[in-house]
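First the structure, in the form of structure tokens, and then the observations on it.
The values are calculated or read from the model by the stated rules, or taken from the named source; none is laboratory data. All of these numbers come straight from a predicted model, not from anything done at the bench. In this analysis, Cβ positions are derived from the backbone assuming ideal geometry, glycine residues included, and neighbour counts consider all displayed protein chains.
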Amino acid sequence: MKSVIKYRGRHVTAGDISFIKELISKNPVVGRCELSRQICQEWNWVQANGHLRDMVCRGLLLELDRGGYIKLPPRKFKPFNPFLKPKPPEEIELDQTPIKTTLKEILPLTFVQVRRTAREKLFNSLICHHHYLGYTQPVGEHLKYLVFSISKQRPVACFAWSSAVRHLESRDRFIGWNKETRTRNLHLLAYNTRFLIPDWVMVPHLASHLLARCAKIISSDWEKLYNHREVRLLVGNLCGYRTV
């Protein structure tokens, strides 16, 4: 059946729209959140980790409503949106005594994936108050790492990795992707969105050492959280891209 609209890679047909209309008609008191969950369950619209694509479905419903294809029920409440009025992370005080030494002297280094853990606040604080781009709430799949020096008993670096944006011409040209290849493989690409070594950590060759170490562990950590492995990591800057 011919698609009426395409949203986030999904083709929505006239039959899909009829199903949504019927679902709304049969459940007049059901709110928008429950409606999107029921649609995801009926369509088996899930992420790689098995979770419903609930938020994406809500976006589709709004798109259909604005286009006049359906009439959504009134909002029951307006949820707080942290992206509209973001509250900066609270600053957590740390020992900032300079660490000026060799790489050998601060080994061993331990990588700790802190997303959804008690240490995530420390990561957010360091990025917010010590990274030149500051902190922004990631969207989509992402991981956050703190790197600790066991000998110094302090964090010496932070990494943030996020899922890739859908369309980026310079990236696709660098990798050699056409439209079909990008659609098939985009979920296998991770972006290094933040990399911080605080000013008080002055260790030659530390950055390259950390990047090489992180490249070896991120795939398994990503799989634990999202049920698929990253096979290629992309580090972007103003000069272009390189893979690790």
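Assorted remarks:
- For segment 64-76, the condition of being closer than 29 Å to Lys121 by Cα, in a loop (DSSP other than H, G, I, E, B), without any contact (Cβ under 8 Å) to a residue 12 or more places away in the chain and not assigned by TED's automatic domain parsing to the domain that holds Leu206 holds for none of the residues.
- Residue match in segment 80-94 (condition: outside the structural domain of Ser149 (by TED's automatic domain parsing) and either surrounded by 14 or more Cβ atoms within 10 Å (Cβ to Cβ) or assigned to a strand (DSSP E or B) (or both)): yes
- Pairing residues of segment 27-53 that are farther than 24 Å from Pro74 by Cβ with residues that are of a type in the set (A, V, I, L, M, F, W, C), at Cβ distances under 6 Å and at least 6 apart in sequence or on separate chains, gives Val46/Leu52.
- Cβ-Cβ distances below 8 Å connect the following pairs, each with a first residue in segment 93-113 that is touching a residue at least 24 places away in the same chain (Cβ under 8 Å), a second residue that is surrounded by 11 or more Cβ atoms within 10 Å (Cβ to Cβ) and acidic (Asp, Glu), and a separation of six or more residues or different chains: Gln113/Asp221.
- Scanning segment 178-204 for residues that are in contact with a helix residue (DSSP H, G or I) (Cβ under 7 Å, 6 or more places away or on another chain) and under 25 Å from His228 (Cβ atoms) gives Arg182, Ala190, Arg194.
- Just one of the listed residues (Asn27, Asn44) is polar (S, T, N, Q), outside the structural domain of Leu188 (by TED's automatic domain parsing) and farther than 29 Å from Asn227 by Cβ, and it is Asn27.
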